[in-house]
1. Looking at the stretch 844-861, which of its residues are among the β-branched types (Val, Ile, Thr) and either open to solvent by 10 Å² or more (accessible area, probe 1.4 Å) or within 16 Å of the ligand (Cβ to nearest atom) (or both)?
2. Is it the case that some residue within the stretch 211-226 is of a type outside the set (A, V, I, L, M), surrounded by 20 or more Cβ atoms within 10 Å (Cβ to Cβ), on the phi < 0 side of the Ramachandran plot and assigned to a loop (DSSP other than H, G, I, E, B)?
3. On the basis of being out of contact with any His (no Cβ under 7 Å at 6 or more places or on another chain) and surrounded by fewer than 18 Cβ atoms within 10 Å (Cβ to Cβ), does residue 113 make the cut?
4. Free of Cβ contacts under 8 Å to residues at least 24 places away in the same chain and either within 15 Å of residue 894 (Cβ to Cβ) or not in a helix (DSSP H, G or I) (or both): is that true of residue 947 in this structure?
5. Quick check on this structure: which one of 436, 430, 452 is closer than 19 Å to residue 807 by Cα, touching a residue at least 12 places away in the same chain (Cβ under 8 Å) and touching a helix residue (DSSP H, G or I) at 6+ places or on another chain (Cβ under 9 Å)?
6. What are the residues in the stretch 302-321 that are assigned to a loop (DSSP other than H, G, I, E, B) and under 34 Å from the mean Cα position of the chain (by Cα), if any?
7. Could you grab me the full set of residues in the stretch 547-564 that are of a type in the set (D, E, K, R) and either more than 16 Å from the ligand (Cβ to nearest atom) or over 10 Å from the mean Cα position of the chain (by Cα) (or both)?
8. Just to be sure before I move on: is residue 611 at pLDDT 95 or above, more than 15 Å from the ligand (Cβ to nearest atom) and buried (at least 24 other Cβ atoms within 10 Å of the Cβ) in the structure I sent?
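The values are calculated or read from the model by the stated rules, or taken from the named source; none is laboratory data. Just so it is clear, the structure is predicted and the values come from calculations on it, not from any experiment. Glycine also receives a Cβ, built like all others from the backbone with ideal geometry; neighbour counts cover every protein chain displayed. Heavy atoms of the whole protein, side chains included, go into the accessibility calculation; ligands, DNA and RNA do not. Shrake-Rupley method; radii C 1.70, N 1.55, O 1.52, S 1.80 Å.
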Amino acid sequence: MTGGHRADLAANRAMALRPPARFWMRGLTLSGLLMLLAGFNPEAVLASSSARFEPSSLRCEYLRDPMGIGMGRPRLSWILQPSHTAPRGQKQRAYEILVASSARLLAHNQGDLWQSGRIESDQTSQILYHGKPLGSEQECFWKVRSWDESGKASGWSEAGRWTVGLLSPSDWQAKWIGLDEKAAPGTPGGSMGGPEARRLAARWLRKEYRCDKQVRRAMIYMAGLGLSELYLNGKKIGDEVLSPALSEYAKRVFYVSHDVTKDLKTGDNAIGVVLGNGRFFAPRGKVPTDTRGFGFPKLLFQMRVEYADGSSVLVVSDASWKLTTNGPIRANSEYDGEEYDARMELAHWNTAGCDESGWVSAQVVEAPGGVLDASMIDPIRVTQKIRPATLTQPSPGVWIFDFGQNLVGWCRLKVSGPRGMTVSLRHAETLKSDGTLYLDNIRSAKVTDLYTLKGEGREVYEPRFTYHGFRYVEVTGFPGTPTLETLEAQVVNDDVAGAGEFTCSNPLLNRIYSNVVWGVRGNYRSIPTDCPQRDERQGWLGDRSAESKGETFLFNTAALYAKWVQDMADAQKASGSVPDVCPAYWPIYSDNVTWPSSTVIIPGTLHAQYGDLAVIERHYDSARKWMGYMAGFVTNGIIARDSYGDWCVPPEDPKLIHSNDPNRKTDPALIATAYFCADAMLMAHYASLLGKEADAQHFQTQAATLKQAFNREFLDERKGQYANGSQTSCVLPLAFGLVPEEQRAKVFQHLLDKIENESHGHIGTGLIGGQWLMRALTDNGRADVAYEMATQKTYPSWGYMAEHGATTIWELWNGNTADPAMNSGNHVMLVGDLIIWLNECLAGIQGDPAQPGFKHIILRPEPVGDLKFARATHQSPRGLIASSWSRDDRGFHWEITVPVNAIGTAYVPTKPGTEVTERSRPAQQARGITFKGLDGGRAVFELGSGTYHFDSKL
Ligand code: BGC
């Protein structure tokens, strides 16, 4: 398995140098004054005498200024931003971190919590806090400076901040409150039963608090399950939506933290919380399969107000809070939508002095069971707003809005009309030929938001406890004629930072890339989901095993995937069994190999791409336990545990979901054994990283035994093929290094024959083979065949989807013709290793697993097919990596950027006997470059940080 990594630390903003004021008052001479008056920038003078880079993009546990972190010893990271004039080959020689308990102390360079002193190290990422022990609720302000190799110091970075959450269960004085009934007495209340919809009305909770003293600091810690919104004095606190993160509620519950110091006022304050159902109060009981529910929505709330006089008060959820279910959100469900009756809005419910008649006392209810844990991922937010492209009226009163893009979120509706009129918004991914919504593939999800007008002029509504996957919206019941201004789509996803971009001269590939980006982001819902639209939306493990590495080139997924790996451990049974879906809202413990293998594979991806060893450390025991449990199913070196095969290979008949052709399918025992062997190799690697030598030995032996049995059982040496010779049956052993050396060429040739002769240059894998296919071709010297597949427009291919109007990636290669029971228009799993391939192979930005986190970057582009250029950027943990190449009759032209503190090895394609130049000089003589030799048709150079421009003849 190839490794890889990177992490983004988001925007590499160039930072202005900030000299201490003293410096320039003292240093200001007459000539200095004259220069200043003449427009000379004194900061440039300072820059030339200080380090050639500046620390920026400060992160604490991957997050920017997080509130309420869940640990006392977080890891701190920054990026070194080189100055424009910095010579090549910059490295950090040392750093110093200051952590202070107040912004004032930090400004005076007083790190009362931690003064690291100068530490000789080139590390800039995940540096463990080593200061005074941090207790619950501690506020921390920090900054860092670095020295370069010549010994010059940078300025101090801008300040970062974090606060610690509630670390111990005893910190919580609050009680869980709610209403363990369908609705408050005397009020109507949603539906709870039947095989389908379970849609309670939202619960509204309120409490007042009187503040008589000057406030120094006020923090709120809150878990509102399933979903919640917090208000203080009428204002929504925080900009997150669909909060908190999903979890195995009986094992873990996420709370969120807010600094509300500025939101409190002297006198009476009102706290308001709205609770939605989310997945806690499950949207289904049994459709389409058994679904776990966790009870009625509930709230845990704690606010600590510290006064300027040193005293403090706690405001906590308890029986003194008031509750009603008789508010405007009459029903809410993630699958079915939200029903909002504006006539029932609760006037002033979240401001002080509201009339509480009609409200009941909240019940103190059972805790959900799980440990309270700080949410340590970027929250879900509205990340983009999109106006509709067209509006049509296929029949009277039925209006269809087309947003031009399959997206995830909801609509903001603007409407005015008579009181009591109900406008309906229904969402779909595609249309029927008559221009109306195609809903068959949405299955039982009702995907309908209903808004009943109060009739008071212009009304604006958007739902908050549901989301939809859609491109088209059908509006009915609209008073009058809607316009393109009537709706605005709110795109909603985990607000993970972008991690790079890819573009090339082939417009189809660019289109496919865009389709993938939309699909990936839309399926981030505090877990990676399979789909966002039908009655499913689950975290299927198999969909994201190797594919998750590709996502690291699109977004900074370090924190999100670390959280999902924790979800896997939480869902693991005492026996070691890991489910196929995590959190296990669908409790499918089928004990197959491939889906739960993500519990082994993903920690390695995070290590490779982000240099993050902590996930491997934390998760090792759980992964080891699963390996041990599954080893019990091995017989004679073969494990035949498989549930889904090579899920979704292109079927022979356009109507089929799954192929019936034995030739297209891959032997389940082959798949399971190959994966289990690869898992054992990874476990051996992790064990060595963690210094567990006996374990490493154990897993190596296990891998060797499995490999031997695998070849004995499946390899036909005469034919040079495994089992029936399907594409996947060749790809897995090639990618996992299972093929005996002397058979390798033969097996690879068999794969090529399969692709070219049987599939006519098309993909023939499902999600298992597809996660390795493009790299297996490229690593064996046939990037051109990978390119051929990637740019096909006919079935089956990503291009076929795009040619048939897809703006995301389909669940099935034949998603436009297949049985609607399973043809989501927005699934990530068939992306396979395409994104990895575009970045690592076409653009040529690849990490080196031996030096994780892009400390060493392998720059090896593949100028294949008719491609004229390719460009990619990647925000690695060390900063921005860029590769941009083009070719024309003059040859190959390539610009590369290597970040500070990293080394790049550039493989420049060239014609033997011709010279490679760098900015028009012979490359071997250029500064910051070491010629390492020739490798096939490539000249190899080692590069320090900086930007390089190579030209060669092809
Ligand atoms: C999901 C897939 C999943 C598969 C496994 C489907 O319903 O949408 O993403 O991996 O089931 O059975």
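1. Result: 858, single match.
2. There is at least one residue in the stretch 211-226 that is of a type outside the set (A, V, I, L, M), surrounded by 20 or more Cβ atoms within 10 Å (Cβ to Cβ), on the phi < 0 side of the Ramachandran plot and assigned to a loop (DSSP other than H, G, I, E, B).
3. Taking the combined requirement at face value, the residue does not satisfy it.
4. No, not satisfied.
5. Step by step, each of 436, 430, 452 is checked, and only 430 is closer than 19 Å to residue 807 by Cα, touching a residue at least 12 places away in the same chain (Cβ under 8 Å) and touching a helix residue (DSSP H, G or I) at 6+ places or on another chain (Cβ under 9 Å).
6. 317
7. Matches in the stretch 547-564: 547, 549, 563.
8. yes
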